[in-house]
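I have placed the structure first, in the form of structure tokens, so that the comments after it can refer back to it.
Values in this text are rule-based calculations from the coordinates and carry no lab data. Being a predicted model, the structure only gives us computed values, none of them experimental. Here the Cβ is made from the backbone with ideal geometry for all residues, glycine too, and neighbour counts use every protein chain on show.
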Amino acid sequence: MPLLVTGTVGIDTVETPLKRVDDILGGSAFHFAIAASLVAPVRLVAAVGEDFPPDLKKFFDGSPIDTTGLEIRRGSKTFRWHGKYFDDMNQRESIRTDLNVIAETPPPIPDGFRDSEYVFLANTHPDVQRGFIEQIRKPKLIVMDTMDLWINIAREELIRTLGHVHGVVMNDSETRLLTNLRDIIPSARAILEFGPQFVVVKRGEHGATLVTRDELVALPAYPTTTVVDPTGAGDSFAGGMMAYLASVNRTDTAALKAAMAHGACIASICIEDFSSFALKRG
Ligand code: AMP
């Protein structure tokens, strides 16, 4: 079944305790698409500026990622993010976020993509995420992600968007930030009250927890020996998860559990190198 992702495609600067790398490909939709494309074809909708490195499209060459919805907007600048990891690579801070083209009118979903049944709203402004939902004709499963920035600056909009999705994938620290609750399960349950049928709480090296109204499922992370750069792990997890669901065309809890295992394996590859280079190598 067709799988669509919207979100950011951008340029990242990443600092880990061992190395700093400037100007590498990144963005929530970018990481998702590369990961998901290992399992199923993906339709990508995002906008970048005219400063975007010309070799971007080459990165997608040979992959089943349909870039019809990737707009290169003249006169605009690409989204940029600078993140820094602490000695504990589960923790990071955003040093700088330049929204640039993300703060402008969002790219439209191409007509040929509006029949997508599986939709992932990767990180971007929650109002933009809701605008995308309105353009999809008959979605079977809409899952969203979010980030500390949007919880801090667009909390009400985020809560409104949560009322229009089937599921949400969030970091443990973000569930706490959104609900002001310290423990993961109560905070995920509080998020269910906003509307979604399930919450997947991503917990870094501690795995992921699925919370529905009547089930709780804990899944360990796939053990990785080489953690080079955790950036994109969450998006890659979601990419593997959503691509599995789209490929089996199921949305029940049993399928979700298998999908999370796919996501965990793919995320473990993502973190073996900067950007999505390890996933690209396959
Ligand atoms: P993850 O490590 O899975 O949370 O995703 C990191 C990616 O998200 C990076 O490649 C960034 O470019 C992108 N990103 C960072 N901040 C934001 C934001 N506020 N909205 C959308 N994407 C973001």
message: What's the whole-number percent of alpha carbon pairs in the stretch 73-230 lying beyond 26 angstrom?
response: 34 percent
- request: Give me the distance between the Cα centres of the stretch 89-166 and the stretch 196-231, rounded to whole Å.
  value: 20 Å
- prompt: Among Val143, Asn249, Pro110, which residue has its Cα positioned farthest towards the positive end of the charge dipole of the stretch 3-281, with +1 placed on the Cβ of Lys and Arg, -1 on the Cβ of Asp and Glu, and the dipole taken about the Cα centre?
  reply: Asn249
- prompt: Within the chain, how many lysine pairs that are 8 or more places apart, or on different chains, have C-alpha atoms less than 16 Å apart?
  reply: 4
task: Provide, as a two-decimal number, the C-alpha radius of gyration of the stretch 147-282 over 2.2 N^0.38 Å, N being how many residues it has.
output: 1.03
query: Around Arg203, what is the net charge, scoring Lys/Arg as +1 and Asp/Glu as -1 over all other residues with Cβ under 12 Å from its Cβ?
result: -1
field: Residue-averaged 222 nm ellipticity for the chain, from DSSP H runs of 4+ at -39500 (n - 2.57), nearest 500
entry: -9500 deg cm²/dmol
- prompt: If you count, for each residue, the other Cβ atoms within 10 Å and average over each peptide, how do 181-192, 136-147 line up from highest to lowest?
  reply: 136-147, 181-192
message: I want the antiparallel fraction of DSSP beta bridges within the stretch 39-95, as a percent rounded to 5.
response: 30 percent
Percent of beta bridges antiparallel (DSSP, the stretch 3-281, rounded to nearest 5): 40 percent
query: For the stretch 44-197, what is the percent of antiparallel DSSP beta bridges, rounded to the nearest 5?
result: 35 percent
message: Treating only the Cβ of Lys, Arg, Asp and Glu as charged (+1, +1, -1, -1), what charge dipole size does the stretch 189-261 show about its Cα centre? Round to the nearest 20 debye.
response: 100 debye
- request: Please get the size of the charge dipole for the stretch 3-281, origin at its Cα centre, with Cβ charges of +1 on Lys and Arg and -1 on Asp and Glu, quoted in debye to the nearest 20.
  value: 400 debye
field: Listed residues Asp172, Asp55, Asp98, most fluctuating in the chain (Gaussian network, C-alpha, under 10 Å)
entry: Asp55
- line: For the chain, averaging the sequence separation of alpha carbon pairs under 8 Å that lie six or more residues apart and dividing by its residue count, the contact order in percent is 19 percent
statement: Diffusion coefficient in µm²/s returned for the stretch 196-243 by Stokes-Einstein, Kirkwood Rh over C-alpha pairs, 10 °C and 1.306 mPa s, is 134 µm²/s
field: Options Ile133, Leu44, Ala188, ranked by Cα towards positive dipole end of the chain, top entry (Cβ charges)
entry: Ile133
query: For the chain, what number results from the quotient of the Cα radius of gyration and 2.2 N^0.38 Å?
result: 0.91
message: For the stretch 72-111, take the convex hull of the Cα atoms, compute a quarter of its surface area, and give me that in nm², please.
response: 4.3 nm²
